[in-house]
Amino acid sequence: MRNASLLTLGGLLASRETVSAATVTNHPTTQATQAGKNFGLQIYSLGRELDADIPGGLKKVKSYGYNYIELAGYREGKIHGMTLKEFKKICDDCGLEIRSTHVNPPVREYTKENKQQIMDYWKETAAAHAEIGCKLLIQPGQPVTRNTADTQMIGEVFNGAGEIAKNAGLKFGYHNHDGEFSFIKDDTKQAIFGRRMIPWKEQSQYQIVYDNYLKYTDPALVFFEMDVYWTVMGQQDPVEYMQKYKDRIRALHIKDKAIFGESGMMNFETIFNQAYANNISDFFVELEGIKKCTQFEGVKGCADYLLKSDFVK
Ligand code: MG
């Protein structure tokens, strides 16, 4: 499912003291905010079910309690078979803000030679999303990462994307899966997943890919949208990361292996508490393909869980 989603969707350490005063985005108060809860949805969670009736489906999403969405599947000017402007009109009509979008450049391996091709992609994509007032431009697919030099090149490309996004009035971010918590060093031929794959005495020689992405990107140009579930699947603690990188991790994917409240894997209370302490205000619920009910029912189940949870604001 993870790979399917990738296909479908197309060194400065952060100072611990200086949490950026500005959250990633500032948003007007909506009715649902006044009701006390404010969270959004990554529409990838609806899968193809959304295509049956896009206006009706998005209206349902709003009625479940979601106030904003993050797009997925933008390609050559279109999303779900319509132009971005047509899609935005539908969102406007039902009161859903398009706050973010997940988009991947056309190549997965970054080199000096194809950097310009990637930048051209970001220019077009940033401009198209700026036109509909989208604020966050987020890459969800991991570039090929085998060793330290790869992470330096990726940092350079991310910084370039960040500059382009900034010039267009957006912020560029990176969204993780579990592979970003693999280990690399200068001469690894491929990243190594799982701490136990490396002899204990040698572990200190390795770097975590995600940490290098943080290290080699400019905090003024690149932020991180942490997918808390995939971080756990990567054998790491999302709360620890949020504590360590307060001004870098500025948005979250709220996700579990199932409909929220059903698994024992995720401690959402601790996650939300830390996120609010860090002034994070962009929360995107994500639900991968489930079998027990429709995606719409699952997405409603996740919203119901958040609405009845005292720790969600
Ligand atoms: Mg995610």
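Could you list, in sequence order, the residues of segment 199-230 that are in a loop (DSSP other than H, G, I, E, B) and open to solvent by 10 Å² or more (accessible area, probe 1.4 Å)? If the condition is that a residue be in a loop (DSSP other than H, G, I, E, B) and open to solvent by 10 Å² or more (accessible area, probe 1.4 Å), then P199, Y206, Y216, D218, P219, A220, L221 are the ones that fit. So, in segment 45-73, how many residues would count as being within 16 Å of the ligand (Cβ to nearest atom) and either of a type in the set (A, V, I, L, M) or surrounded by 22 or more Cβ atoms within 10 Å (Cβ to Cβ) (or both)? Count: 8. Annotation for segment 248-266: at least one member residue is more than 16 Å from the ligand (Cβ to nearest atom), touching a strand residue (DSSP E or B) at 6+ places or on another chain (Cβ under 7 Å) and assigned to a loop (DSSP other than H, G, I, E, B). Of all positions in segment 33-44, at least one carries a residue that is small (G, A, S), under 14 Å from C134 (Cα atoms) and either open to solvent by less than 60 Å² (accessible area, probe 1.4 Å) or at pLDDT below 95 (or both). Among the residues examined, K292 does not qualify as under 20 Å from H175 (Cβ atoms) and more than 16 Å from the ligand (Cβ to nearest atom). The residues in segment 153-175 that are within 16 Å of the ligand (Cβ to nearest atom) and either in contact with a helix residue (DSSP H, G or I) (Cβ under 8 Å, 6 or more places away or on another chain) or assigned to a helix (DSSP H, G or I) (or both) can be counted, and the count is 1. The single residue among D150, D178, D187 that is away from the ligand (no atom under 16 Å from the Cβ), out of contact with any Pro (no Cβ under 8 Å at 6 or more places or on another chain) and among the acidic types (D, E) turns out to be D187. Residues satisfying the criterion are present in segment 111-130 (criterion: farther than 30 Å from T188 by Cα, modelled with pLDDT of 95 or more, touching a helix residue (DSSP H, G or I) at 6+ places or on another chain (Cβ under 6 Å) and open to solvent by less than 10 Å² (accessible area, probe 1.4 Å)).
The values are calculated or read from the model by the stated rules, or taken from the named source; none is laboratory data. Since we're looking at a predicted model, the values are computed, not measured. When we count neighbours, we look across all protein chains shown, and the Cβ atoms used for this are built from the backbone with ideal geometry, even at glycine. With ligands, DNA and RNA removed, areas are computed over all heavy atoms of the protein, side chains included. Shrake-Rupley method; radii C 1.70, N 1.55, O 1.52, S 1.80 Å.
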